[in-house]
Structure formats: structure tokens, C-alpha cells
Amino acid sequence: MNPLFLPVFCPKLILWMQGIQLARGIVMLGMDSLVMVLLWREELMSSPCGDGEPTLRLAHFLKPTVTSIDGQVFELPSSCFSSIPPTFHPKKWPLKVNFYGWKSPQTDWREWVEKMASLHEPTWKKAGIHEAILNSTYEIKRNSNLVLGLAEKWCSETKSFLFSWGEATITLEDLMIYGYSVLGSPIFIASDTEESKKREETLNQARLELNRISTKKAEHCLWMKEFMNSGSDIEHEAFLALWLSRFVFPISYSIVIQSVFPIAIHLARGTKIALAPAILASIYRDLSLLKEKIVALTKFDKSEVGDGRLAVTIWSPFQLVQIWAWERFIELRPKPNLIKIGETRFARWHKMMMIVDNVRRVLDLAKENFDWRPYAKALRNWKLPEFYVEKEMWISVDSDISEEFESFAQCLRISELVGRDCAEHYLPHRVAMQFGIDQDLPACVAQANETFSVAWSKYIKSIGCANLYVPSRLFEADVTTRYSEWWKQSVSRLQGAARIFRSYKVTRKNRSKRVKRVNHITEGFSFSRPKMKTKESEETLTEKEDVSDASDSSELPSKTLPLSLIIKKEINMSPFPPGFPPKTNLVEAKGFNYELIEKMKQNALVKSRLETAMEDATGSKTGCPSHDMERSHGVEGDVNENELQLEDWVSRLERFFAELKAARFGHK
């Protein structure tokens, strides 16, 4: 039995370890003579928000962990914060995202669901799909900004969202709450009886017939028209095949796919199939794909891309990602509907919408408002799962354990999630607080790179004879002080790299613009004699273009004039005619043209550096608080960081204004 898959303990050894105060947190399991990392030890704990004094108490952890920053900690990848666009304006990004897996219920779909539920509800509950099918009757309106804002934070290596204040992710627990089973047979199960094979053949014949009469496609609407209220002996299987093709595994835009027929036949018999890990694997895959495209945006200049756009197609049911965010981020969610008797939790978000312009900013300020355990709170007309207990407890994991507790145990195990065409790492030990368990330094976990069948065999491996720790639903988990220190150091390092990256990208972009501006200005002058009037129209055009750039920019104050206009204004206000040198000792008549050109070049350089500083300093803080739905609570936790950023910004501006003054007046 692989020790990486068992967050549970032998009862006798627990009692024995209590006697020696769990000194090292390692015990020997007598069952299989395997070394297990105990998840129970006394530690100095602090709040994840960083408020209050650390306290020494008994804490529980998900394995594997390390007890030293110098140990084999799973470090945060350096590219997580830096490889994103400098500002959050998705509508302006040259990116087209096709959410083909985000499906809404068809006309008459609810009617068909209600009819099938009246006939087969006990079978659906036995197969673990009852709530998931009911969820398909609700319409979840898409907030693309929210989804893209989350995708920016995704880290493919850790399979989690990395925020400046912590780490979180969508887990098997979320999928289980959404109505999908984490237990059961694999999705690649085949028809195992003659009757099943005959039903599969009948379904396939119906698909082929629709292909012949509907331009080679068994479209969803035609499939429903063919079988709904048909009285066919395979209507139930046909219904489930459509549900699987449209809402669970939508690998084709609007076509019923043959590969789901065996799954539909097993579900129709009440066979439980583990749909949750397969769906979660597809979501992880598509989050990584979307993040890859967002990162690619940083490699393109808008002038270079032209009308071309990067394109990506998302096939997984991404509405689950948005609902995950609405459940946890108070500032991002609309006011939910009240759940009526008989409705699922999905009903809270039916046809709801809330527009937030700068999602990135809200996510960055969500430190104190993030809800680590939204499902552990009681809701009217929603039944709490059995594993959300009032008081912490130990459950004996044996043949009599309830399915809900066994499912909760499955959510805590590191594993490989086997999907239809992918396998993804599942690392719950990185987000233990989402399960009500304390967080310590996450240890490295090697990628298995196994076949689907081997990965699945490890996923379903029996827990065995042991005890499962279940935290109180009212308990607020903490982090160890070493985790808090490690996180601060890691984020500080990554944010520093991100600032350098953004500054470098903006500097490169401004350098090309600066060369164009300088060349355009020098066209209006001659080193032999002044000819400013002959090029006045071109100069005026350049100034108008600069005014347009300034007004369109969201990074500079609206009243800030381009430096070229300031220089022009100063020249026009001079007591000397244009093209004639002033009678001062600052600029001699002989060198007027050369000196003026040099000053303008310096001003262009200073302007470029000033723009870089302003963009780097303001970053993602261009949104209006009223539009961003920002509230005052939630900012206090970032005061120190904001003060440091403000000081850095002021320091940069002071330096650049000094250089501006020196360039304009010829002295420092």
C-alpha cells in the first residue's frame, strides 16, 4: 500500500503516540509495515491573515509536509507572477476564448429532466448523479473577466491559484458538492453484459441514423427530439447520453458522442462511476491551457500582432470554476438566490451576474474576505453533508463507514486524476485549509507519469483499517509560522521578479516608440540652418498624436501633457521668434539646433522612463473602486505592502523628475 495515499492512522498507535507527545510525527503501521507521516503534532500556529500573535497548539496536517524551510519544499515557480499582461484589460487583449464546454439548458430540457426524475430518481441517487443532473437545469451566466482573472493566477506546476496572500484551488470536495461522485468505477468502463452491448449498439444505430439525415451530425436538439417522450426502451440511456455529452464531457460542440454510451448504460443501471476526478482533470488541463495563452500575450506587441488574435478552446465545464469563485470571493459574487425545497446548491447562481471591471485587483485584495470553507456553513433548504460535523472526531475507516465519510477521505489523498484524454496531479496538501485542516510547508511530490490504468488503480486503493480525522465545520484552520515566513519570502521574490519583467517589457515597447518620436522631431530641423516653420504641420500632427495617446492611456493622469507639448509651449512662450536663439548664456546661437535636438532627445528618454515608472507603479491599480466593487475591509491586511510600493513609487518619481529638470534646464 502506497503511503502517499493514506491520510489516516491506526487507532492503537495514535493512543501510544499521545503518550509520547508525538515527538517526531512518524509511526509504523503494523498492517503493512509501512512508514506513515502522522498529521498530528504540536506547532506554533498563526492566522493566515497574519493578525494576532502565534499560539502553540496541537495541529493537524495533510501529508506530505516538511518541517524546515531548508527542506524539500515545493517552491513556487518564478514565472507565476511575472508572465502575465501588465494591466488587466481582457477586452483589449488579442485573445479569443471559446467556452464550448459552458452549456446552458436547452428548451424543454427541464421538462425532460423532471419526467426522467419521476421515473429514475432512486437509480440516479444510487449512481451518485441525481444532484448533478438537476444542476444541468440551471443557467449559469458567464463572467469572462472573472474566469480570465482566475486563469491569470493559475499555476500549472502546483495545480492551484497563487494569490499574493495565499494558495487555493478547486478540489474533489468542490466537485462532490456539485453532485459528482469521487468514488466508483472509472469512466473508461466498458459494457460488460450481452444486454448492455445490445443497448449500446441500439444507441449507436440511432446516432448513425441521425448522421445520415442531419448533415452527418447527431446534434443535441435532434437527439432530444428523437427520444424525448418517445416511449423507447432506451429513452433513459439516451437521456443520460445527452446529459454526458452536453454537460459532463462536452468534447464536441453540439454532438452526442459514441464514447459516452457505455457510461450512460452503467449509470442507467445504478452503477456508481467516479465522474468527479475526470471532470476535475479536464478543468486542470484547460486552466493550464488558458494560462499558457495569457502568458503568450506578453510576447506580442499590439502593433506587431495587428488584427490577429490568439485563440483557445475550453471544452471542460468551466462554469464550475466560476461557481467556485462565487462561493469563496465575497467581493466577486452576486447576491445569491434563496434555495427552495428540492433545489440543489446550484440554484443560488441561476441567471445571476455581477460585473467587476478589474478582477485582478479584487483578487489581490481578497486576503481577509476569502471563504476557505463555504460549504461548511448552514444554508436554508440545503442539507449539510455528513462530514461537516459540529465537533472534531475520529471515524473508524472500515466496512461500515458511510459513503460520505469515505468520499471526504478520498478528497484528502494525493493522487492522479484520470480524465478522458489526460491525467493531472491532485495535490490537496497544498490547500489543507480548504478542508478545515492546518497548513504546513508542502513537500515536493514527483509526477508519476503512469498509464491511466495504473494511475486509476492507485486512486481507488482501499484506505484499510485506520482512523480518519474529521475537523469541526466551525474550526478555522491556521498556518505554521514557518509556512507564513516561507510564503512571504516566496511572494516577495516573485513580485520583485514580476516588477522587473513588467519594467523590461514596457521599456522595450517604449524604446521603439521613442525612436519614432525622436526621428519625427529631428525631421523638422537642419544642422545647417533652422527650418522649423517649413515643418510646422508635421510637428502639429505629432503633438496631436501625443495628445491622443495621453487621453487613451489608463496608466497616466488625464491632465498630464506629453513632454513634447510642454517643450512646444515653452518655445511658443519664449520672447524670441521661432527658429531664433534666445540671447542668454544657456544656449549659444551657433549651437541652437544641436542643443535643442539633444534636449528633445533627453526629454523623450525621460518621458519614456517616466511612463515606465508610472506603469510599473500603478500596475493593475487602474480600475475605479466603484467599478471594481472594492470595499474598505480587506485592505488592512496589505497596508505594509502598499506602503512599501508607494514609497518605491514616490522614490522613482523623484528621481525621474530630477532627471527631467536636468534635461530641460541643462543642470542638475
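The values are calculated or read from the model by the stated rules, or taken from the named source; none is laboratory data. The model shown is predicted, which means the values in this text are computed figures rather than measured ones. FYI the Cβ positions are ideal-geometry reconstructions off the backbone, even for glycines, and counts take in every protein chain you see.
In segment 448-465, of all residues being touching a strand residue (DSSP E or B) at 6+ places or on another chain (Cβ under 6 Å) and free of Cβ contacts under 8 Å to residues at least 60 places away in the same chain, the one that is surrounded by the most Cβ atoms within 10 Å (Cβ to Cβ) corresponds to A455. Of all residues in segment 374-386, those satisfying the criterion of being touching a helix residue (DSSP H, G or I) at 6+ places or on another chain (Cβ under 7 Å) and closer than 18 Å to V431 by Cα are P374, Y375. The number of residues in segment 249-286 being part of a helix (DSSP H, G or I) and either in contact (Cβ under 8 Å) with a residue 40 or more places away in the chain or more than 30 Å from the chain's Cα centre (by Cα) (or both) comes to 22.
Mind listing just one residue for me: the one in segment 36-87 that is among the charged types (D, E, K, R) and touching a helix residue (DSSP H, G or I) at 6+ places or on another chain (Cβ under 9 Å) and, of those, nearest to R413 (Cα to Cα)? First the steps, then the outcome.
We begin by selecting, within segment 36-87, every residue among the charged types (D, E, K, R); these are 41-43, 51, 53, 57, 63, 70, 75.
Narrowing the set further to residues that are touching a helix residue (DSSP H, G or I) at 6+ places or on another chain (Cβ under 9 Å) leaves 43, 51, 63, 75.
Values: E43: 22, D51: 30, K63: 9, E75: 20 Å.
The selected residue is K63.
For segment 226-242, give me each residue that is at pLDDT below 95 and under 27 Å from I279 (Cα atoms). None - no residue of segment 226-242 is at pLDDT below 95 and under 27 Å from I279 (Cα atoms), so the list stays empty.
Conditions tested, residue by residue: (1) modelled with pLDDT of 95 or more; (2) under 30 Å from A151 (Cβ atoms).
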residue	(1), (2)
R24	no, no
V27	no, no
L34	no, no
E53	no, no
F81	no, yes
I84	no, yes
H89	no, yes
P94	no, yes
E121	yes, no
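The numbered conditions (1) over 36 Å from the mean Cα position of the chain (by Cα); (2) of a type in the set (K, R); (3) at pLDDT below 95 are all true for K198 except (3).
Kindly state which helices (runs of 4 or more DSSP H) lie completely within segment 65-154 and contain at least 3 residues that are without any contact (Cβ under 8 Å) to a residue 60 or more places away in the chain and out of contact with any Leu (no Cβ under 8 Å at 6 or more places or on another chain).
109-127
Scanning segment 109-136 for residues that are of a type in the set (S, T, N, Q) and surrounded by 21 or more Cβ atoms within 10 Å (Cβ to Cβ) yields N135, S136.
Tell me, please, whether a residue that is surrounded by fewer than 21 Cβ atoms within 10 Å (Cβ to Cβ), modelled with pLDDT under 95, in contact with a Leu (Cβ under 8 Å, 6 or more places away or on another chain) and among the basic types (K, R) can be found in segment 262-275.
no
For Q410, the criteria (1) in contact with a Phe, Trp or Tyr (Cβ under 6 Å, 6 or more places away or on another chain); (2) crowded, with 16+ Cβ neighbours inside 10 Å; (3) within 28 Å of S68 (Cα to Cα) hold in every case but one, which is (1).
Within segment 369-419, the set of residues being of a type in the set (S, T, N, Q) and within 19 Å of V182 (Cβ to Cβ) comprises S399, S402, S407, Q410, S415. The residue that is surrounded by the fewest Cβ atoms within 10 Å (Cβ to Cβ), counting only those in segment 349-358 that are closer than 11 Å to R333 by Cα and in contact with a helix residue (DSSP H, G or I) (Cβ under 9 Å, 6 or more places away or on another chain), is I355. Regarding V445, is this residue touching a helix residue (DSSP H, G or I) at 6+ places or on another chain (Cβ under 9 Å) and aliphatic (A, V, I, L, M)? Yes, satisfied.
Condition first: surrounded by fewer than 21 Cβ atoms within 10 Å (Cβ to Cβ) and more than 30 Å from C422 (Cβ to Cβ). Can you find one or more residues in segment 308-316 that meet it? Looking through segment 308-316, none of the residues is surrounded by fewer than 21 Cβ atoms within 10 Å (Cβ to Cβ) and more than 30 Å from C422 (Cβ to Cβ).
Of the residues making up segment 368-395, those that are farther than 17 Å from P471 by Cβ and surrounded by fewer than 19 Cβ atoms within 10 Å (Cβ to Cβ) are E368, N369, L379, R380, N381, W382, K383. For segment 380-408, the set of residues classified as of a type in the set (A, V, I, L, M) and closer than 22 Å to R345 by Cα consists of L384, V389, listed by residue number.
Consider V431 carefully, then state whether it is on the phi < 0 side of the Ramachandran plot and surrounded by fewer than 20 Cβ atoms within 10 Å (Cβ to Cβ). So V431 does not fit the description; no.
Cβ-Cβ under 8 Å, sequence separation 6+ or interchain: first residue in segment 183-201 and part of a loop (DSSP other than H, G, I, E, B) and loosely packed, with under 12 Cβ neighbours inside 10 Å, partner modelled with pLDDT under 95 and acidic (D, E). Which pairs? The qualifying pairs do not exist here.
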